[in-house]
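Chemist: Right, I'll just put the structure down here and ask away after.
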Amino acid sequence: MGNRMEILAEYRQANTQLATLKEKEAVGIHSGTETVKIEPRYGEEMTYLTNKCAQLDMILEAMAASED
């Protein structure tokens with residue numbers, strides 16, 4: 001995977017992409033009294049990025065623990 005800085009940069013990039021997709025997904029949702037059915041447009045990509053962020057986070061935590 002590379003060194004800690006490369007992993008951290010990859011984590012930040014994936015996290016930024018995920019946040020962007022979440023914002024895009026939320027556009028057009030209006031609050032009101034009616035029931036709103038949300039159909040995810042970016043569901044698969046968001047799932048992939050969520051899993052990638054979780055894996056990279058675990059790697060970073062393990063690296064930090066091994067430094068102690």
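Every number in this text was worked out from the coordinates using simple rules, so none of it is lab data. The model shown is predicted, which means the values in this text are computed figures rather than measured ones. Cβ sites come from the backbone with ideal geometry, for glycine too, and all protein chains shown count toward neighbours.
Chemist: Quick check: net charge around Gln17, other residues with Cβ under 14 Å of its Cβ, Lys/Arg +1 and Asp/Glu -1? Mind dumping the intermediate values first?
Modeler: Details: positive: Arg12, Lys22, Lys24, Lys52; negative: Glu10, Glu23, Glu25, Glu44, Glu45.
Within the 14 Å Cβ shell, the charges total -1.
Chemist: Still on this structure, please answer the following. Helix 4-26 against the longest principal axis of the chain: what's the angle in degrees, Cα atoms only, rounded to the nearest 10?
Modeler: Tilt relative to the chain: about 0 degrees.
Chemist: Given the -39500 (n - 2.57) contribution per DSSP H run of 4+ residues, what per-residue ellipticity at 222 nm results for the chain, rounded to the nearest 500 deg cm²/dmol?
Modeler: Working: 2 runs with 48 residues, N = 68.
So the calculated ellipticity at 222 nm is -25000 deg cm²/dmol.
Chemist: Rg and Dmax of the chain over Cα atoms: what are they, in angstrom?
Modeler: Here Rg and the maximum Cα pair distance are 16.3, 53 Å.
Chemist: Then there is this: Within 10 Å, at most 16 other Cβ atoms, and a DSSP state outside H, G, I, E, B define an exposed site. Report the longest part of the chain free of exposed trypsin sites (Lys or Arg not before Pro). List each step's numbers first, then the result.
Modeler: Working: sites that count: Lys37, Arg41.
That would be 1-36.
Chemist: Please give the length that would be gained between Asp68 and Lys22 if that part of the chain were fully extended, namely 0.36 nm times their separation in residues minus their C-alpha to C-alpha distance (nm, one decimal). Please list the in-between numbers first.
Modeler: Numbers: separation 46, 0.36 × 46 = 16.56 nm, distance 3.54 nm.
Difference between extended and current length: 13.0 nm.
Chemist: Between Thr35 and Arg4, with labels modelled 7 Å along Cα→Cβ, what's the label distance in nm to one decimal, could you check?
Modeler: 5.1 nm
Chemist: Which angle between 0 and 90 degrees, to the nearest 10, do you get for helix 43-67 versus the longest principal axis of the chain when only C-alpha atoms count?
Modeler: The answer is roughly 30 degrees.
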